[in-house]
Amino acid sequence: MNWTAKARLSAAATPSQGTKPGPAVSAQVSSNMRVSNSLKEFLWLLSDIPHARILDLGPVWQSTVSFFVDKGFRLSTEDLLRAWKEFLVVEEESLRTAAVGDPGERVSQEVLVERFLGEALQYSGPSFHGVLAWDLLDYLDPSVVPLLMERIFSVLHPGGAMLALFHSRPPERFHRYRIVDNQTIELLPAPTVAVHGHVFQNREILDLFARFRSSKTFVGRDQMREALFLK
């Protein structure tokens, strides 16, 4: 079964936007291992594409790289949250070091995002069959997310899949994610790169992904939502 046929079948089988979430994710293996049905379906959708290209928006993990390379996929990694925070630090520093008497240029958040995206996610047209966003959107200012989503949408091939995680409440600590196997994600406690910014409600998520043609949601026992979206 090719990619187009799989995407069509998945779109027919998954709930339409605005419907109730899908079945719950299986029980957790341990405190730092998460059984992920959305990852399993993400990989299933990519399985028929020769040398499928995947964009991981988290940090580089050798285990994740090896996992995809062993399957014949091509993986690109861009730690977008860290890049965004470092970009903001540089912008603030430029204001602090402005010449005496020069207040510097205070710009809107939208202009800052446009400047940032002039450097980040620089790909020409649709370049990827899948995007792993993890919980990135939860840690960005809500004003940043719509512009970022436009860019992510533009780099996905038609029929491409995006996997995202959403916290139903602010997490107790900051984690990064790496892939263990076809259905297991490891949550790695890490130094805080950013403070959790926003708990997205169902309607907000549907609005963010309105341009995607279908979605499927899994809710785990920890109430973290895993969402899979098809372009």
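Just so you know, all these numbers are worked out from the coordinates, no wet-lab data involved. On a predicted model such as this, the values are computed, not experimentally measured, just so you know. Every residue, glycine among them, receives a Cβ derived from its backbone with ideal geometry; neighbour counts consider all protein chains shown.
Model label sites at residue 195 and residue 96, defined 7 Å from Cα along the beta-carbon direction, differ in position by 1.7 nm. On the basis of the beta-carbon distance and an R0 of 25 Å, residue 168 and residue 63 show a calculated FRET efficiency of 0.35. For residue 214, the residues 5 or more places off, or on other chains, whose built amide H falls under 5 Å of its own are 230.
Among residues other than residue 153 with Cβ under 12 Å from its Cβ, the summed charge is +3 (Lys and Arg +1, Asp and Glu -1). The length gained on full extension between residue 182 and residue 47, counted as 0.36 nm times the residue separation minus their Cα-Cα distance, comes to 47.5 nm. One Cα centroid belongs to the stretch 108-130, the other to the stretch 39-62; the line between them spans 20 Å. Each label was represented as a point 7 Å from its Cα along the Cα-to-Cβ direction; for residue 141 and residue 221 these points are 3.9 nm apart.
Panel order for 195, 113, 155, by other beta carbons found within 10 Å of each beta carbon, from fewest to most: 195, 155, 113.
Look at 34, 178 and count the other Cβ atoms within 10 Å of each Cβ; fewest to most, that gives 178, 34. With K and R counted +1 and D and E -1, the other residues having a Cβ less than 14 Å from that of residue 73 yield a net charge of 0.
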